[in-house]
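First up is the structure itself, then whatever we jot down about it.
The values are calculated or read from the model by the stated rules, or taken from the named source; none is laboratory data. Please read all numbers here as calculations on a predicted model, not as lab measurements. Don't worry about glycine lacking a Cβ; one is built from the backbone with ideal geometry, like all the others, and counts go over all protein chains shown. For accessibility, only protein heavy atoms count, side chains too; no ligands or nucleic acids. Shrake-Rupley method; radii C 1.70, N 1.55, O 1.52, S 1.80 Å.
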Amino acid sequence: MKRNSVFIAMSLDGYIADKKGGIDWLHKIPNPQNEDMGYTEFSENIDALVMGRTTFETVCGFDMDWPYSQPVFVLSNTLQEIPDSYREKVFLIKGPLAEIQKQLHQKGHHRLYIDGGTTIQGFIQEDLIDEMTITTFPILLGSGHTLFGELPEGVEFELLTSKVYLNQLVQSRYRRKR
């Protein structure tokens with residue numbers, strides 16, 4: 001089954017990063033049991049990730065081992081090569097999103113995790129997102145990097161599930177209405 005999915009957190013006012021690109025606000029809600037809020041189950045059902053350069057650089061900056069077992073395809077017009085330590089895990093990819101999707105399907109990657117604000121916005125503009133899981137944090141950032149950008153026309157989704165985690169976070173899963 002071919003499917004492009006999003007799994008992301010955002011603030012109440014629709015931002016995924018603060019104005020400096022920071023995501024420290026994601027740690028404002030205590031999570032003493034390190035609950036993954038469905039991420040493990042989600043990641044077990046994807047074949048590959050597609051993310052933008054900024055998201056890739058953010059993940060590389062985390063103080064942890066590389067978190068993905070699936071291949072990661074990084075969209076970038078400026079990045080010339082992947083650092084040696086990620087060479088067998090991460091691949092640069094360029095071109096129109098529909099063509100990129102076609103190339104990844106030809107490689108056997110049919111269930112794609114789309115990550116990063118600009119990348120998600122581009123896939124939505126091309127009507128290439130099938131499902132979104134959005135965890136909303138009870139914080140107003142006031143400005144920053146938005147999850148959604150302008151669209152030429154509305155795009156309809158239907159709510160599949162909604163859960164509350166840690167008594168404060170609302171996670172909603174949507175499917176594209178076609």
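Data table
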| item | result |
| --- | --- |
| Accessible surface, the chain, averaged per residue in Å² (probe 1.4 Å) | 58 Å² |
| Segments 69-79, 38-48 sorted - mean Cβ within 10 Å per residue, highest first | 69-79, 38-48 |
| Accessible-area order (highest first, 1.4 angstrom probe) of the listed residues SER143, SER11 | SER143, SER11 |
| Region 2-58-region 70-84 distance, computed between alpha-carbon centres (Å) | 19 Å |
| Options (i) 17.0; (ii) 18.0; (iii) 16.1 - which one matches Kirkwood radius over Cα pairs in Å as calculated here | (i) |
| Fraction of antiparallel bridges per DSSP, the chain only, in percent to nearest 5 | 40 percent |
| Segment ASN167-GLU41, extension gain: residue separation times 0.36 nm, minus the distance between their alpha carbons | 43.3 nm |
| Accessible surface of the chain, 1.4 Å probe, proportion on carbon and sulfur as whole % | 48 percent |
| Loop-resident sites, region 34-92, for trypsin sites (Lys or Arg not before Pro), counting at most 14 other Cβ within 10 Å (DSSP) | ARG87, LYS89 |
| Difference of contour (0.36 nm per residue) and Cα-Cα distance, PHE157 to SER85 | 22.1 nm |
| Computed magnitude of the charge dipole of region 1-146 (debye, nearest 20; Cβ of K, R +1, Cβ of D, E -1) | 360 debye |
| Full-extension gain in nm, ARG178 to GLU150, via 0.36 nm per residue minus C-alpha separation | 8.1 nm |
